[in-house]
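Undergrad: Dumping the structure here so I can ask a few things about it.
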Amino acid sequence: MAREEGRRRSRENREERDSEFIDKLVHINRVAKVVKGGRRFGFAALVVVGDQRGRVGFGHGKAREVPEAIRKATDEAKKTLVRVPLKDGRTLHHEGRGHHGAGKVLVRPAPAGTGIIAGGPMRAVFEALGVGDVVAKSLGTSNPYNMVRATFDALKWQQSPRMVAQRRGRSVTEIIARREGNQAEQATA
């Protein structure tokens with residue numbers, strides 16, 4: 001009896017932990033293998049998972065059935081979560097570029113109220129990440145796998161003022177003051 005109760009609790013804890021993540025199905029690919037009796041279909045799924053508070057990951061799963069492929073991709077995505085620093089919990093700190101193969105992307109922070117201006121696979125990444133205001137452009141291929149990987153490459157280089165200050169051995173206020181001073185200089189020029 002106690003063993004059964006322990007199993008139920010661990011299952012509930014796992015479901016509770018998994019419920020904090022949202023998953024977005026980005027792409028499903030169907031492939032056919034021709035055999036003697038006809039065609040055998042296989043499916044590949046690309047899924048993006050995030051907690052909408054700065055953690056996001058993606059995964060790829062293959063199976064004979066669609067739900068199984070999605071489950072495999074979701075499990076892989078949860079294992080590969082990365083943390084991205086967000087400014088005010090709604091946008092990025094600075095502009096960034098990323099690429100993977102022929103996929104090239106440009107991501108920029110945006111003022112409040114802008115929304116997510118990004119196409120298909122990139123939109124799924126930003127929604128799962130919890131970014132509310134961002135402008136993004138895909139400059140290369142439209143292949144969803146390469147677009148997602150390029151977006152993750154761009155997000156990998158994001159740094160908060162705290163991270164920059166720690167690396168340079170300065171205070172956060174010095175970093176922010178210098179950045180605002182440079183923006184004021186550019187505005188007058």
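The values are calculated or read from the model by the stated rules, or taken from the named source; none is laboratory data. The shown structure was predicted, so the numbers you read here are calculated from the model rather than taken from an experiment. Because the Cβ atoms are built from the backbone with ideal geometry, glycine has one as well, and the counts that use them run over all protein chains shown.
Undergrad: Suppose the filter is over 13 Å from His99 (Cα atoms), under 16 Å from the mean Cα position of the chain (by Cα) and either of a type in the set (Val, Ile, Thr) or not assigned by TED's automatic domain parsing to the domain that holds Thr74 (or both); does Gln159 pass it?
TA: Values: over 13 Å from His99 (Cα atoms): yes; under 16 Å from the mean Cα position of the chain (by Cα): yes; either of a type in the set (Val, Ile, Thr) or not assigned by TED's automatic domain parsing to the domain that holds Thr74 (or both): yes.
Yes.
Undergrad: Please find, among Gly96, Gly120, the residue that is in the same structural domain as Val172 (by TED's automatic domain parsing) and surrounded by fewer than 16 Cβ atoms within 10 Å (Cβ to Cβ).
TA: The match here is Gly120.
Undergrad: For segment 35-85, how many residues meet the condition of being aromatic (Phe, Trp, Tyr) and crowded, with 21+ Cβ neighbours inside 10 Å?
TA: 1
Undergrad: Considering Val148, Val172, which residue is modelled with pLDDT under 85 and surrounded by 13 or more Cβ atoms within 10 Å (Cβ to Cβ)?
TA: Val172
Undergrad: Turning to a different aspect of this structure: Looking at this structure, is Gly59 outside the structural domain of Arg149 (by TED's automatic domain parsing), touching a strand residue (DSSP E or B) at 6+ places or on another chain (Cβ under 8 Å) and on the phi > 0 side of the Ramachandran plot? Steps first, answer last, please.
TA: Working: outside the structural domain of Arg149 (by TED's automatic domain parsing): yes; touching a strand residue (DSSP E or B) at 6+ places or on another chain (Cβ under 8 Å): yes; on the phi > 0 side of the Ramachandran plot: no.
When the stated conditions are applied, Gly59 does not pass them.
Undergrad: Another question about this same structure. Exactly one of (1) more than 18 Å from Gln52 (Cα to Cα); (2) of a type outside the set (Asp, Glu); (3) assigned by TED's automatic domain parsing to the domain that holds Ala154; (4) touching a residue at least 40 places away in the same chain (Cβ under 8 Å) is unmet by Ile70. Its number?
TA: If we test Ile70 against (1) more than 18 Å from Gln52 (Cα to Cα); (2) of a type outside the set (Asp, Glu); (3) assigned by TED's automatic domain parsing to the domain that holds Ala154; (4) touching a residue at least 40 places away in the same chain (Cβ under 8 Å), just (3) comes out false.
Undergrad: Let me ask something additional. Going by what's in this entry, would Lys87 be described as modelled with pLDDT of 95 or more and not β-branched (Val, Ile, Thr)?
TA: Details: modelled with pLDDT of 95 or more: no; not β-branched (Val, Ile, Thr): yes.
Spelling it out, it is not the case that Lys87 is modelled with pLDDT of 95 or more and not β-branched (Val, Ile, Thr).
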